[in-house]
Each structure stands twice: as C-alpha cells, then as structure tokens.
1. Within 10 Å, count the other beta carbons around each residue, average over each peptide in A:313-320, B:29-36, A:173-180, and list them highest first.
2. Given axes a ≥ b ≥ c from the Cα gyration tensor, I'd like to know whether region A:398-453 is rounded (a/c under 1.5), prolate (a/b larger than b/c) or oblate.
3. Could you work out how far helix B:397-412 tilts from the main Cα principal axis of chain B, as a 0 to 90 degree angle to the nearest 10?
4. State the volume of the convex hull built on the alpha-carbon positions of chain A, expressed per residue in Å³ and rounded to an integer.
5. Using only Cα atoms, tell me the angle between helix B:241-252 and the longest principal axis of chain B; keep it within 0 to 90° and round to the nearest 10.
6. If N is the number of residues in the protein assembly as shown, what value comes out of its Cα radius of gyration divided by 2.2 N^0.38 Å?
7. What shape does region B:325-379 take by its C-alpha gyration tensor, where a ≥ b ≥ c are the square roots of the eigenvalues and a/c under 1.5 counts as rounded, a/b above b/c as prolate, and the rest as oblate?
8. Along the charge dipole of chain B, which of B:Tyr169, B:Trp367, B:Gln205 sits closest to the positive end, that is, farthest toward it, with unit charges on the beta carbon of Lys, Arg, Asp and Glu (+1, +1, -1, -1)?
Amino acid sequence: MSLNLERYYSLRDIFGPERVSQYLSDKEDYSRDMWTRLAIQMRRGERLETPDFIVWPVSVDEISKLLVLANNKNFPVIPYGAGSGVCGGAVGISGGVICDMKRMDKIVDLNFESMLARVQVGVIGENLERELNRRGFTLGHFPSSIYCATVGGFVATRSAGQASTKYGKIEDMVTSLQAVLPNGTIINTKAVPRKATGPDINSLILGSEGALAIVTEVTLKIKPLPEARRFLSYTFSSVKSGLDAIREFMQEGLKPAIVRLYDETDTAITMNALGYEDITGCLLIVISEGREKFVEVESELVNKLCTRAGGKDRGERPAKHWFEHRYAISYRQSPIMSSPKMILDTIEVVALWRDVESLYVSMKSAIEPHATVMAHFSHAYPEGISIYFTVMTSAEGDEVRTYDDIWKAAMTACLKSNGVISHHHGIGRLKAQWLKAELGEGYKLLTILKKGLDPNNILNPGVLGLGE
Amino acid sequence: MSDSTSFNLEESLKKLFGQENVSFDPLDLTLYGRDCMPTSILKMQAGAWTSQAKCVVWPTETRQISELLKLAQTKKFDVIPFGAGSGVCGGTEPVSPAVIVDMKRMDKVLDFDPYSKVVTVQCGIILEHLERYLNARGHTLGHFPSSIYCCTVGGNLATRSAGQMSSKYGKIEDMVIGLEVVMPTGSVVRVRPAPRRSTGPDLIQLFVGSEGTFGIITEATLRIWKLPEERIFAAFKFPDVKSGISAMREIMQSDIKPSVVRFYDELDTAFSGAGKEEGGILDILPIKEAAQLLRSIFPGLVRAAQRAVLSRAELLNLIDKVVKEGCLMILVFEGNRKLAKLEFEEAKNICDKNGAEYLGPAPAQKWYQNRYSISYKQSKVFYMGAFVDTIEVATSWDKLSLLYSEIKAAISRHALVLAHFSHAYVDGCSIYFTFVTSGLSLEDRLKVHKEIWESAMKACLRVGATISHHHGVGLVRSSWMQEELSSSFVILDIIKSGIDPSGVMNPYKLGFDKRPLEEK
C-alpha cells in the first residue's frame, strides 16, 4: 500500500491529479488489447494481469520524466495507443504504468508545399484522415482498425493499410520522428526525403512495438485526394490463376490502390452476402485511384491482364460493395466472440511469389484439423503478396489450448514453407516464441539493441519476447 | 592497433585464406590504402600520402570472414571491408593500420528468379557485371550510380547509394529485401527475403549505410525489373532555377515517376556540357579551335593558364551573370508504353506551365549516352593541377531554394561551383554541387578544400537539410555526424558498442570514436 502511495505521489507530481488513475475499472480496461487469447480468457471469467496505474501525458517532457522515474524505481512502462492491436503488444503488467498517448493528438504542422504533416502520435487514424480530407489530402493509410487505432500504434507495429499497394506502408510514410528513449533522452531524426548519414534510425524505431522507445511525434508524407476511382471485379477458376493475374499486373509496374483475391471459401461467403448465387471460384477485387488519366490507363491495363489470365469480368458491384463495407467486417466479427467456446482470429503472413501457393496450401492444411479457415491475398508487390487467413471454430475442449494449437500449427507450417510469420499485424506476445526461429542469429541483434537502449528492461518487457 | 607479440598476424591470415590470398606487398598496400576521396589524391600527387593498410586479404566464402572477424575481436586488429574503392568520402581508407578485406572474389550470382523478380548475389560483384547479367536475361536492377563500372553491390549497400534512375526504381534501401552479414563478433545474421515484414525493427536497415562499421555484408537479395518496353527522352530549357524547381515539384507530386529527373543551374548548364558531347571546363572558351591548337603546341603553357584562371574563382563565377543559356532539365520516362507516354505528356504540360521551352529528346539522349564518362573526365582536372570535388545534400521542397543559394554563396567565395538537382521525391529533392579550384601548394589546396566543406556543411545544418544524400559519411563528414544526427546519434553509438565491443570495424568512420562508449 505505501509503495503505491509513494508511486502515486511521484506520478501525480509529473502528470497532475487529473491524469493519473488507479481506479479498478481503468486497470481492467487497460489490461488488454484486442488479442483474441486475452478476450477468450476474459470471456470465461479469468482475471487478467492488471497494471498499477494509468497516466495520460500531454507533452514529451512528461514522458521523459516518467521513464527516468521508471528507471530509478524499476517499474515497467507500457505505451498504449487505442488498444486495437491483435497480438498482445499493449497489455497490463503487474506493477506497471500504462502510458496512454491519446491526449497527445494534435496536428502540429501541415506543410503543403512539401506534402508533409507533423502530428503527435496519439491521434486516432480516422481523425487525422478526416482533418487531411478537409484540406484536400489523404494519408493513404487505411487499416481496418482506423477508427480505433493511433498513429503511434501504426508506427510501433509497422502497420499496413488496405491501399498500401498504391500509397505504401507506414515505413514509406514516416520521414522523421521524435521519441523518448528508456533512459528519458528525447531524440529527433531529421525530416528530409532521404539521407546517407549512417543507418536509418527511423527504421530501428519503427516496428519496435514499444520495446525500445516511446514515439511521441512523426512527420508523415501526405498525398492529394484522388480525382478518380475505378472499381474492377473478376472471378477466377482457381487461386493460382488469380495470383497469376496479380503477379502480371504488379510486375508490369502498375500500382492499383486495392488488390484483394479471395479463395474459394471466402468468395462463397462474400458472393453470398452480395446476392450472387451461381458464382463459384475466386473473387479478385481491384480498385484504381488517383489522377483521372492515370486511373484510366491503369484500369485498362489491369483489365487486359486479368482477362488474359482467365478472369471473368464481374463489373463494379462486388468491388464497390467491398469498398462501402470495408471497415464493417471487424465489427461484425465481435458478436461471434461473445459466445462461449468460440474462437475467431486472423493470421497474416507473406512470401515471395515462388513460395506463395505452397505456403497457402501448407498453412491451410495445417489449420484445417483445428478450425474452419478461409483466406484472402492482399498487399501485393512485384515480388510477392501477403496471405490473410481467418480462422474460426467452436472449441471442443479447452478454448485456450485449442487457440494455442491453431497458432502453433499455423506458424510451424509458415516457417517450414518459407513464409514470414507476420506481414503487418506485428509480433506482440502472441508470436514472440516464433520470432527467434524467424530471425535466427538476427534475434541476438534485437537483444543487443534492447540491452543497450533499455538495460533495466522497463519498457514493455516481454513484447517481441524481449526482456522476459 | 595493439601490438601482436605472441600472435602472428601473417601466419594466421595465410592459414585462414591460403597463402596466395594474403598480401603484405607494398604495391598492394598502396593501392588498397585509399579510395577516390579527393584530398588523398591531392596528397598523393604531392608525394605527401602513405598508406595505412597493413595487409590485404581476399576471402572466397562467408566462413572465412566469420573466422577473421572473430580473430580481430580477440586479437584487436582493425578490419576494413573493401569493394572496388570508388567511394569519394574516404570510407575505406584506413586511418590506422588495418587489414583490408577485398570482397571481389565473392562475386557470384547465387539465384536469379524472374518469376518473383528477385536476384540473390554475393556482395563482391561489380554492379555493372550484375546489370549485364540481368540485361542478358531481359531484366534490370535499375541502380545506376555513375560509379557502376567500378563499385560493388556491397559498397552500394554499405554507403546507401542512389543511382541516376532512383526516382523510378528506388534507392539501394528500396531494392534490398534479404541480407547476409557477418557481425563483428563473427556470427552470421541472415534476414530471409520477403517483400515486406513486421517482425520487429527492420534489421536489414541496420546495415544499409553502416559503412563497414557494423560488420561485413556478404550476400543480398535485390528486387529486379523487366527491361522497359519504352523509354522516352525529353529536354526542357527553363528561364531560371526557381521555375525549374517548381516544375520538378509539381511533376513528382502528380503521381508521375520519371526514371530520370535532372535539372542544371545556369553555370552547370553552360559548363558541364550537359547535353553536349564534349563537355568540360575547356569548352567554355568560345574560341574552341584556337584553344585546341594552343593545347597541342604548348600543353604546359595552357595548363598553367588554366590553373591561374581556376584559382580566381570569383572571375569564373561572374560568368553566370553573362551567360544566359538558361537552365536545362532532362527527363526520362520508361516502363509500360502507355504509361510512359502519359507520364511524358503530363510532365510536358507542367513544364510548359512553368515557362519552359521544349528542346525535344536530343539533349536528353546525349546526356544518356555520355552519362558515365563525366566522372572519368574529372581526372583531367587533377592533371592540370587543379582539383574537383562534389558535395551532395538534400532537403524538403520548401527549403530547397534557400539551401541552394546558401551553399552556392558559401562555395562561390572559394571556387567555381556548378549545381544540378536530381533524385527528386514527392517531399523534396537532392542538390549536387561540383566545385573546381586550385592552389599554389598542397597546403593551400587542402586549406581551401576544408573551408569549402565547412561552409557547405554549416549551411546544411543551418537550413535543416541533410549533409549527404547518397555519397555517405566516410572520413569527409565524420566530424559532422554528431551535429547532423544530434540527439539520435546516441542510438548508433549504443549499437556500435554492443555489436563491436573491441571497436575494430572500420574505426574513425561515421563519427564513431575509436574506442567504445564505456571506455570514454
């Protein structure tokens, strides 16, 4: 009790009484993110590990003071955005302080001449997007969590949005950042388009999932809102021919904003929902957007190549329907999770074209004994593509055991078939045990980074499997 | 470098690499003791330079490099990886005695995969050899630094190089998707190739730009492209620098991705012979034939005259007040035929809007045909007793004009300075300054060189631009690194002490002190 009181006073000195909480309801809310495993545990009445305090900083100096205190008194600090991560990256740790970034949500500067926006990282993705839209711009970053995710979360997890094929992933958008190191030092990287002054420090912080620093501000590249948008849909007789079509137009140098190929199972569900009945095969959705003349040429070329690969033109409607409901799916899923014994999760991996089909087949057969599995392919590149599996089952035995079995089967198959274990969801605590196999000797490098930057292991200990 | 009493370096190296693959020969040590950094060339010309290379080794496999670095950590001798030695920053020049590791025997293409559009190579391969290999199979890497004939992929990765077509094909960090690197402690890190991943911080990017201070890069997997079915050349003349910058920005911000964007300021347009076949300082004299005649009869006299003129830079810089040739812009579009054509049309509209005169494809084609020869012509300047150097920087569009005028003013006090803008991005652009000057003695030349670099670096830091866009840090910028990176430098320092505890990998480069953090 007295330790907590002393801790409370120290935190209150930094944040003021309004922005420190030890309410039980807050501690329980902040004990998890959207990791399915924690949702299962909570659903069946288990008590999750809770933090001791939640704080809401409004300035980088407050965070610096917090981390200095954390090092002196040896308690963990967990940076927290909006808690929509699905890997257990932001969770409660006993004795720890959750650092909720959402009060630091200002747009600091807009530079239209250089198409840059400087923002505090606590801003919700959708709110930033709306502010940019008002001025005729877009960030071009549309993960399905956009309503409940912060820019800080994007940066920490190396997120990718649905239109990444055109607008890039988060690492293509960040040109500079401000962050606080675990010892309280505030660092800034220079906002220039590109430099050759040693290794890129932004790349070391991006994807560090709160283990190496707390990012506070970023400079992001913005783009003008597209003039035109074209919706294209095709069905293919097999996943292979659909993938061939994608590979062809990606390697032709085209960059449609949205590219999504659904396997047979996923297509049946989707087409059913759209009211198409006698359609089988694999649905490919392509959306091209940008300047009018470029969209025209791009759509024409995509159409030519998709038709040549055996695609049957299905017009605009399937693509338009997807576009209009693209965020709804995640929210539709949550009622499923409120039923006891239900397990619903997503597994996303990535590979070079030469390994994609075998990866898909191998993972599908590894998961099928445990759960119903459907997949779509998106985030296309000239070199390969990401596979997004949705797995669902009602557990016969222990739900957590079943959950763990599904993931073990999937990740083992992934590594065996030359896949990389995560394309954009990140590692968190969920995939930490496979990160060592994924990185090999490279994992030692991560531990060196961690030991060097956070010798007392106070920043989000356990994430990425570091500092357990 | 600590004395090796009971440890015999020569014996250990010969055992590891084989007798024929180790050299202590003075000629080898001289050749491997420097790269193309101009100040070392000047010193060498004056007989005032000695090599600090202790010996040269030629590995043929990763295992040998692993054993070498393990040995170097424990016996504490310095190691410097060496590609083809065409760096211009002194990155491979040993400051203290060091073992030079020439990577060029590890030059194989390990895997060519046109289906996935990737190629895996050993990093000692000469870049032009790789490009030729790919061309023969209908592909291209898209990486064209002017050093392409004399640089290795390892050097490209270590220095964060960018080629002339980077606006379309990307810079080296955009091209590499898989890596094998030997850590300073000898362990081998492999990042498996994938288009993209979210498995923690990007470990590949830890080594791109590490300039040999974090280990030795041995293999890389790179993205490749089909050879373009169409290539469209276009040249424009702008009334001034301002209008050209405006056009460049608009083009880059309009979804257009030219493969080449190069915009020359007035002096560079007049002097460098951009678009002309016989480019060069000598051709500024309107009496070209007379000059050629003089040169053939009285070569020494002409050289002396040129030297005298070149050391009066303020005279030469006045020429841009007289020369009204305008500013040349070269654009190239390539790839899918329909898209390239559309890009050209849209870009032409933008140039017209900004007051440009369309010159047709010829000047751009001429530049393309002579694009590599310019660097080799620079050596003539050294023979004349003058010297030439380059400083390349970058910043966002809103600061670009300011950066240009600040650095131009700073250098113009001491030398003739030409500038062109290239490597354009949506959010900014790079500026490439070439300066020529002379001096009566080696001390004079080094002094003026130092003053020029200092004023240029200070201007960058003042404006908030970066001190290097693609040449790297090496020795020339080493002392500016702390200011350039300011608060974030500590991260590099922490990594360095963590992965190279003995501090043996290419010491004194990238702003690192010789000894690691703890011992300071």
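The numbers here are math on the coordinates, done by the rules we state, and not lab data. From a predicted model like this one, the values you see are computed outputs, not experimental measurements. Cβ placement follows ideal geometry from the backbone for every residue including glycine, while neighbour counts extend to all protein chains displayed.
1. Ranking the peptides A:313-320, B:29-36, A:173-180 by packing returns A:173-180, B:29-36, A:313-320.
2. Taking the square roots of the gyration eigenvalues as a ≥ b ≥ c, region A:398-453 is prolate.
3. It works out to around 90 degrees.
4. Cα-based convex hull of chain A, divided per residue, equals 148 Å³.
5. The angle comes out near 60 degrees.
6. With N residues counted in the protein assembly as shown, Rg over 2.2 N^0.38 Å equals 0.96.
7. oblate
8. The residue sitting most towards the positive pole is B:Trp367.
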